[in-house]
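Enquirer: Starting off with a structure, shown below.
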Amino acid sequence: MIDRSYKDLLKMRRFPHTWCPGCGIGAVLKNVAMGLREMGWDYRNTVIVSGIGCSGRMGGYMNVDAVHTPHGRPLTAAEAIKTVRPDLNVVVLSGDGDLASIGGNHLLHTARRNPDITVFCNDNEIYGLTGGQAGPTTPKGTKTITSPRGEHYQPLRLNRILTTQAPYFYAKTTVYHLNHFKTCIHEALRYKGFSFVDIISDCIELNGRRLGFKTAHQMFKWFDQRFHIVEGVRDHLKDDELGIAMKEADTLPKVKVEVSEKPEVSLKDLKPFSLEELASFDGQDGKPIYIGYQGKVYDLSTSPLFQGEKRMRCHLGGKDLTQEIGIAPHGEELIFKFPIVGRLKE
Amino acid sequence: MKPRLNVLWNEIFCKRCVLCVEVCPVGVLSLERDEIVEKPGCIRCYQCERYCPDIAIEVMDEGNRLSS
């Protein structure tokens, strides 16, 4: 018996959805809704951000608040939402053409800043919406509508780009390996920080037919030949491995700051000042600025606020300031960094 | 929702991608005259429901299914 309560998170009255028969985005939508239901997230505490492309329609079919952003900018909108409202769970549902191609710069820098958002990238290795052109993740040698003799260039390897700088969470899975797919979704939603799930998906109508596959299931079998699952949490994933790559932040050794205690000076050894003598040291005619505080005389000549004039905001030099500092908005610790030059006579 | 022996098939949601037909380990589902039909012999593995991207097929509960 399958728990079908995930349907509350989908707008079932909008179904059937507009994707092609056999498209993997439907599976991504369904399993992400199941994952959100397992976590107990719903319309009260979750925001979906989606980009442009076939996969950008996923936000419209979820029964939670969704933002449909310009092309390539779902990560910037998601980070802004997370910054302003840290209590919300932010989930990005988008595709590889949106995240890795036109939003590639945002992907790098959002991963660097490490906000607590979860990204599900529907990676069908093609530009699906516009008719099957070669995209940034198209493997070398693949025949597409824009590369009829095989793609010339190396693909953008997200598994290497996103696992260069710790902390990171990168999971790679396919829509065929369903149990592994659900585990990756669950782990990514639980992870605190920027978590990226790269879901290899099938685009049967615009990519699979050109490659010679008749049905979506034949393409699934091709995924099964190309990839294999590695168990446990790795540091890095190779190109043909499915799994979770996770690493905590490199902890630098803390630098200890030695605080040397000032030696206590007994009051009797200090030079005695009367209030009249103290009043002459007010900074005028090149004299130092002395003030009295709790029976001690401090030399405030090095204070940048006292330079040039005898007045520091509302305090005057050459006076006993014990009462004034008691009612001042700042504390007495501002005085203790200045040297003691004497004591006040009783 | 059209009931079959063990599954409920939603003909409006279904796009006839025949993923459920190919993923079935015992091969009891088939597409005939543009409709999903079921032969007896379902082992209730739920693979068709799990893999369906359109939420168009559901395995019925044990009590609701038709006696084959």
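The values are calculated or read from the model by the stated rules, or taken from the named source; none is laboratory data. Given the structure is predicted, the values throughout are model-derived calculations rather than measurements. Note that we place each Cβ from the backbone using ideal geometry, even for glycine, and neighbour counts take in every protein chain shown. Just so you know, the surface numbers come from the protein's heavy atoms only, side chains and all, with ligands and any DNA or RNA stripped out. Shrake-Rupley method; radii C 1.70, N 1.55, O 1.52, S 1.80 Å.
Enquirer: Taking 20 °C and 1.002 mPa s as the conditions, I'd like the Stokes-Einstein D for region B:2-59 in µm²/s, using the Kirkwood hydrodynamic radius from alpha carbon pairs.
Expert: This corresponds to a translational diffusion coefficient of 194 µm²/s.
Enquirer: Going by accessible area, probe 1.4 Å, with all protein chains left in place, what is the ranking of A:Met12, B:Met60, largest first?
Expert: My answer, sorted largest first, is A:Met12, B:Met60.
Enquirer: Further question on the same structure: Would you mind working out the magnitude of the charge dipole of the protein assembly as shown relative to its Cα centre, with +1 at each Lys and Arg C-beta and -1 at each Asp and Glu C-beta, to the nearest 20 Debye?
Expert: 1000 debye
Enquirer: Please state, as a whole number in µm²/s, the translational diffusion coefficient that the Stokes-Einstein equation yields for region A:5-247 at 25 °C and 0.890 mPa s, with Rh defined as the Kirkwood radius across alpha carbon pairs.
Expert: Once the numbers are plugged in, D ends up at 138 µm²/s.
Enquirer: Sticking with this structure for a sec: Loop only by DSSP, 16 or fewer other Cβ within 10 Å of the Cβ. Give me the trypsin sites (Lys or Arg not before Pro) in region A:154-261 that pass, ordered by residue number.
Expert: Loop-located and lightly packed - A:Arg157, A:Lys192, A:Lys214, A:Lys238, A:Lys254, A:Lys256.
Enquirer: Taking every alpha carbon pair in region A:181-256, what does the distance histogram look like in 10 angstrom bins from 0, in percent?
Expert: 15, 36, 27, 15, 4, 3, 1
Enquirer: What Kirkwood Rh does the protein assembly as shown have if only Cα atoms enter the pairwise 1/r average? Answer in Å.
Expert: Evaluated on the protein assembly as shown, it is 25.9 Å.
Enquirer: Next question. Contact order normalised by length for region B:2-59, with contacts defined as Cα pairs under 8 Å and 6 or more residues apart; what percent is it?
Expert: After rounding, I find 43 percent.
Enquirer: Follow-up. Helix-only estimate, please: 222 nm mean residue ellipticity of chain A, summing -39500 (n - 2.57) across DSSP H runs of length 4 or more and dividing by its residues, to the nearest 500.
Expert: Result for chain A, helices only: -6500 deg cm²/dmol.
Enquirer: For region A:43-99, count the residues as N, evaluate 2.2 N^0.38 Å, and divide the Cα radius of gyration by that value, please.
Expert: Relative to the 2.2 N^0.38 Å estimate, region A:43-99 comes out at 1.02.
Enquirer: Could you check the simple spin-label distance between A:Thr83 and A:Arg226, using points 7 Å along Cα→Cβ, in nm with one decimal?
Expert: Output for this residue pair reads 3.6 nm.
Enquirer: Which of A:Lys30, A:Lys143, A:Lys296 moves most in a GNM of chain A, Cα contacts under 10 Å?
Expert: Answer for the Gaussian network model of chain A: A:Lys296.
Enquirer: Still on this structure, I have one more. In sequence order, what are the phi-derived ³J(HN,Hα) couplings for region A:272-288 according to the Karplus relation 6.51 cos²θ - 1.76 cosθ + 1.60 with θ = phi - 60°, rounded to whole Hz, with x for glycine and proline?
Expert: Whole-Hz 3J(HN,Hα) from phi for region A:272-288: x, 10, 8, 5, 6, 5, 5, 5, 6, 8, 10, x, 7, 6, x, 7, x.
Enquirer: Run the reach check for A:Lys247 against aspartates and glutamates, Cα to Cα strictly under 20 Å, same-chain hits fewer than 8 apart removed. What comes back?
Expert: A:Asp116, A:Glu187, A:Asp198, A:Glu231, A:Asp235, A:Asp239
Enquirer: Straight-line reach from B:Lys39: which lysines have Cα under 21 Å away, leaving out those fewer than 8 places along the same chain?
Expert: Reachable lysines: B:Lys2, B:Lys15.
Enquirer: Here is a further query. Mind checking the mean number of beta-carbon atoms from other chains within 10 Å of the Cβ atoms in B:7-17?
Expert: 3
Enquirer: Could I ask something else about it? Hey, what angle do you get for helix A:216-226 against the long axis of chain A, alpha-carbon based, 0 to 90 degrees rounded to 10?
Expert: For helix A:216-226, the angle is close to 60 degrees.
Enquirer: Compute from the Cα atoms of region A:267-344 the Rg and the Dmax, the latter being the longest Cα-Cα distance, and quote both in angstrom.
Expert: 11.5, 32
Enquirer: Any of A:Lys11/A:Lys192; A:Lys30/A:Lys82; A:Lys271/A:Lys296; A:Lys172/A:Lys221 with alpha carbons more than 19 Å apart? Name them for me.
Expert: With Cα atoms farther than 19 Å apart: A:Lys11/A:Lys192; A:Lys30/A:Lys82.
Enquirer: Another one. Treating the angle as unsigned and between 0 and 90°, give the value, to the nearest 10°, between the Cα long axis of helix A:24-39 and the longest Cα principal axis of chain A.
Expert: Helix A:24-39 sits at roughly 50 degrees to that axis.
Enquirer: Sticking with this structure for a sec: Rounded to two decimals, what is the ratio between the C-alpha radius of gyration of region A:110-196 and 2.2 N^0.38 Å?
Expert: Working it through for region A:110-196, the quotient is 1.25.
Enquirer: Across peptide A:211-217, what mean number of C-beta atoms from other chains lies inside 10 Å of a residue's C-beta?
Expert: Per residue, the number of nearby Cβ atoms from other chains is 3 on average.
Enquirer: Next up: Under the definition of Cα pairs under 8 Å and six or more residues apart, what whole-number percent is the relative contact order of region A:128-218?
Expert: Relative CO of region A:128-218 lands at 24 percent.
Enquirer: Here's a follow-up. Setting aside same-chain residues fewer than 8 positions from A:Lys7, which aspartates and glutamates have a Cα under 15 Å from its Cα?
Expert: Within the straight-line cut-off, A:Lys7 pairs with A:Glu38, A:Asp42, B:Glu49, B:Asp54, B:Glu58.
Enquirer: In degrees, nearest 10, range 0 to 90: what is the angle between the Cα axis of helix A:74-84 and the longest Cα principal axis of chain A?
Expert: With rounding to tens, the tilt is 40 degrees.
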